[in-house]
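Have a look at the structure below, then the notes.
The values are calculated or read from the model by the stated rules, or taken from the named source; none is laboratory data. Treat the numbers as computed from the prediction; the structure is a model and nothing was measured. So basically every Cβ, Gly included, is an ideal-geometry build from the backbone, and we count neighbours across all protein chains shown. Please note that ligands, DNA and RNA were not included when accessible areas were found on the heavy atoms of the full protein model with its side chains. Shrake-Rupley method; radii C 1.70, N 1.55, O 1.52, S 1.80 Å.
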Amino acid sequence: MNMTIPGAVVKDVRASLPRHKTLKYGRRKLTDIRSAALHHSATLSGSPEAFARYHVGTNGWPGIAYHFVVQKDGTIYWCNDPEVISYHVGNSNRHALGICLVGDFRKQKPTPSQIEAANRLIQHLQVQIPTMKQVLGHYEYPGYAWKNCPAFLMGTFRTNYSQFLQKTLGKVDKPKQVPVAISLNDSLLSVTGFLQEGISMLPVRAVANAAGGKVEWIAATQDVRVNGKDLNEKIVEGSAYAPAREMAAALCLQAEWDGKTQTVKLRGCVT
Ligand SMILES: [Zn+2]
């Protein structure tokens, strides 16, 4: 996995952290990962070495519990391959990737550099691991409602993260976007999509409404669904855009690209 993250310092400590002499964590495919699990270290300060020593020496675990540790100064420590099934959220371990922010957030607040680094890390990981759609706090996993970890509100964290995504998407992706027209059964819609890296992206809500589809916005997971189908959407300036083919499939339409007029032509029965 490529862990070069623009604007962030990543230190690979996978090979140097204390590990159990005989026990080994199991492994999984990247596609098994569904969520990033946020933790705090529950210590005022600390290091991946100290956490690993504790998890191995005191808990008797195969290695450090976390895949990544984010220090207060924003340095990201890479501690385990994402494929490693480490111990941090009990029965959900197989499908979760552990990110620990150093600090005791019952008494302290994460630093702005730490939040910024966590945002960059999660964004980078979600590109590399598209199945990792959710960003959850330890306390949001089944059986852990009692646990005050990471001891900050995940709703606030996610709002901040989606604002961060919108900002970076706006900055990075906008210059490459070429507008495209959209027609439905040969009548032109008043909204436009855009072409990005050869894929036409359509405004989800407007196109679904025009075609009589049902749009759901799942706030907790920041997911958009059309007629119950999950889309690989992109949020640009607060609106969701999804690939034309996925939109067409969710709405039972055929999509056709007319290069001459730069139009995505949608056809089929409109309910
Ligand atoms: Zn935790």
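Confirm whether GLY57 is in contact (Cβ under 8 Å) with a residue 24 or more places away in the chain, more than 17 Å from the chain's Cα centre (by Cα) and on the phi > 0 side of the Ramachandran plot. No. Kindly establish whether LEU121 is more than 22 Å from the chain's Cα centre (by Cα) and either at pLDDT below 95 or not assigned by TED's automatic domain parsing to the domain that holds PRO243 (or both). For LEU121, the condition - more than 22 Å from the chain's Cα centre (by Cα) and either at pLDDT below 95 or not assigned by TED's automatic domain parsing to the domain that holds PRO243 (or both) - is not met. Within region 106-143, the residues that satisfy the criterion of being crowded, with 17+ Cβ neighbours inside 10 Å and basic (Lys, Arg) are ARG120, LYS133. The condition of being within 16 Å of the ligand (Cβ to nearest atom), modelled with pLDDT of 95 or more and open to solvent by 40 Å² or more (accessible area, probe 1.4 Å) holds for only one of ALA42, ALA65, that being ALA42.
When the residues of region 68-82 are filtered to those that are within 15 Å of ASP12 (Cα to Cα) and not hydrophobic (A, V, I, L, M, F, W, C), the one that is surrounded by the fewest Cβ atoms within 10 Å (Cβ to Cβ) is ASP81.
The single condition from (1) crowded, with 20+ Cβ neighbours inside 10 Å; (2) out of contact with any helix residue (DSSP H, G or I) (no Cβ under 7 Å at 6 or more places or on another chain) that VAL10 fails is (1). As a summary of the residue check, SER183 satisfies the conditions (1) at pLDDT below 95; (2) polar (S, T, N, Q); (3) open to solvent by less than 40 Å² (accessible area, probe 1.4 Å) except for the one numbered (1). Among all residues of region 27-39, there is none that is surrounded by fewer than 17 Cβ atoms within 10 Å (Cβ to Cβ) and over 20 Å from LEU125 (Cα atoms). Please specify each residue of region 18-39 satisfying the condition of being over 21 Å from CYS149 (Cβ atoms) and touching a residue at least 24 places away in the same chain (Cβ under 8 Å). Result: PRO18, ARG19, HIS20, LEU23, LYS24, GLY26, ARG27, ARG28, LYS29, LEU30, THR31, ASP32.
For region 217-239, the set of residues classified as at pLDDT 90 or above, open to solvent by less than 60 Å² (accessible area, probe 1.4 Å) and assigned to a strand (DSSP E or B) consists of VAL226 only.
Checking each residue in region 78-109 for being in contact (Cβ under 8 Å) with a residue 60 or more places away in the chain, out of contact with any Ser or Thr (no Cβ under 8 Å at 6 or more places or on another chain) and in a strand (DSSP E or B) picks out TRP78, ILE85, ILE99. Comparison of ALA242, ALA250 shows that the only residue that is open to solvent by less than 40 Å² (accessible area, probe 1.4 Å), of a type in the set (A, V, I, L, M), closer than 14 Å to PHE194 by Cα and modelled with pLDDT of 90 or more is ALA242.
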